[in-house]
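Below is one structure, written out as structure tokens; comments come after it.
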Amino acid sequence: MGIGSPDRASGARMTTFDARPQAAIGSRPPIWLSSILLDGRAGECDAVFPFHQRTALEPACVSTARRFVDQTLTSWGALEVALDAQLVVSELVTNAMRHGGGAAQLRLLSHGPELACVVSDHSRTVPVAAAPDVFSEFGRGLRLVDALCTAWGWLSPGGARKLVWAVLAG
């Protein structure tokens, strides 16, 4: 379990960078991921998909992102996490489109048994995991990410953008 990972046994959560009510329930990235994202270096298995600015707000970019995940994980021989990774990436890219001014980049990083999905967007707005509402059509995406991942959260490395990351166990 990485630093700041949620303790599944006790159910304890740690809010990352923001303690407002309804803020994301994310955690700090594992050390290996933090050093890659903040230092700008490449990982062991590292694949990047840049979204085109003119299509970053179109719904089709979500299916393009899922195909990128499938192709990348197939080439890495990591098919056991492909379906979960596609779901997580779909949610992160959709949130980037709806709340972040469009997805800028999707990055997949593998480190030992862990896979990180990282989506950058054009906003510093903090992701919000809304309270579930059985009648709402939207608002369950980050809860799904939380259920599928060992940890997730966001970083604001500078400028007018943020990185939303999620780590899946392999």
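Annotations
- Cα gyration tensor category, rounded, prolate or oblate, for region 31-169 with a/c compared to 1.5: rounded
- Protection proxy ranking for 104-110, 42-48, 32-38, using the average of other Cβ atoms within 10 Å per residue and placing the highest first: 104-110, 32-38, 42-48.
- Scoring 141-151, 115-125 by mean Cβ neighbours within 10 Å over their residues and listing the highest first yields 115-125, 141-151.
- Exposure proxy for His99, His111: other Cβ atoms within 10 Å of each Cβ, ordered fewest to most, give His99, His111.
Taken together, the values in this text are just the output of simple stated rules run on the coordinates, not laboratory data. Computed from a predicted structure; not experimentally measured. Methodologically, a virtual Cβ is constructed for each residue, glycine included, from the backbone with ideal geometry; neighbour enumeration extends over all protein chains shown.
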